[in-house]
1. Using the structure shown, select from LYS26/LYS136; LYS56/LYS136; LYS136/LYS159 the pairs with a Cα to Cα distance greater than 21 angstrom.
2. Go through the stretch 111-116 residue by residue and turn each phi into a ³J(HN,Hα) via Karplus (6.51, -1.76, 1.60, θ = phi - 60°); whole Hz please, and just put x for glycine and proline.
3. Report the normalised scattering of the stretch 49-132 as log10 I(q)/I(0) at q = 0.18, 0.24 Å⁻¹, calculated by the Debye formula with identical scatterers on the alpha carbons.
4. Using a basic spin-label model with each label point 7 Å from the Cα along Cα→Cβ, how many nm lie between ASP151 and PHE91?
5. State, to one decimal in nm, how far the label point of ASP101 lies from the label point of ALA141, with both points 7 Å from Cα in the Cβ direction.
6. Using the reciprocal of the averaged 1/r over all distinct C-alpha pairs, how large is the Kirkwood radius of the stretch 26-93 in Å?
7. Compute the distance in nm between two label points, each set 7 Å from the Cα along the Cα-to-Cβ direction, one at LYS34 and one at ARG75.
8. Kindly rank 93-100, 150-157, 19-26 from highest to lowest mean number of other beta carbons found within 10 Å of each residue.
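Coordinate-derived values only; no laboratory data. Just so you know, these numbers come straight off a predicted model, no measurement behind them. Cβ sites come from the backbone with ideal geometry, for glycine too, and all protein chains shown count toward neighbours.
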Amino acid sequence: MGRRPKHHGNTMYFLTGSADHHIDDKNRLAIPSKHRSRFNPERDGKGFYLTISQPKTCLRLYTEREFERQAAERRPHLLQPQASTMFNRNFFALAEFVEPDSQGRIVVPERLMRYSGMPREVVITGAGAYLEIRPKSSFEAEMIDFVEQYDEHYERALKAESGTRRQPDPETESG
């Protein structure tokens, strides 16, 4: 599934940055204002879809329209492999529609809290086309590792992406 940047007015934007947050006793979580300000209900829908991410200790928060786009790409085909059928069945079973209250808070369903093992202290991170809700403790450790080994992570990412990008054809695309 390719990632497309979201449009804000006539310009493109990605959801970026991170913010420490707390899930309260009623499982309410405030969406950071720096992210909330990027959403337009007419363009993005009024609510969000929340589902388990990879690794399973993370949650993804999609705008209503972005989730619909992702769902359309996952639409089951008649002759779909069993692994895809099982993944799609469970992916959609775990996805929950949530609407923010007047203070920009969503309620994280108890089932998703339980399945993901989500603690109360979290970090909300921009991940391009969606937000991730991650345990603060593992986020901090991962960021320290990432920064310390930035060059190695960068090289691995380039190698992994090289197979997914179309390479220019020197015969037809001269500079």
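1. LYS136/LYS159
2. Along the stretch 111-116, the couplings run 4, 5, 4, 5, 4, 8 Hz.
3. Listed by q, the Debye log ratios stand at -0.83, -1.34.
4. Placing both labels 7 Å along Cα→Cβ, they lie 3.7 nm apart.
5. 3.3
6. 13.9
7. Here the modelled spin labels are 3.8 nm apart.
8. 93-100, 19-26, 150-157
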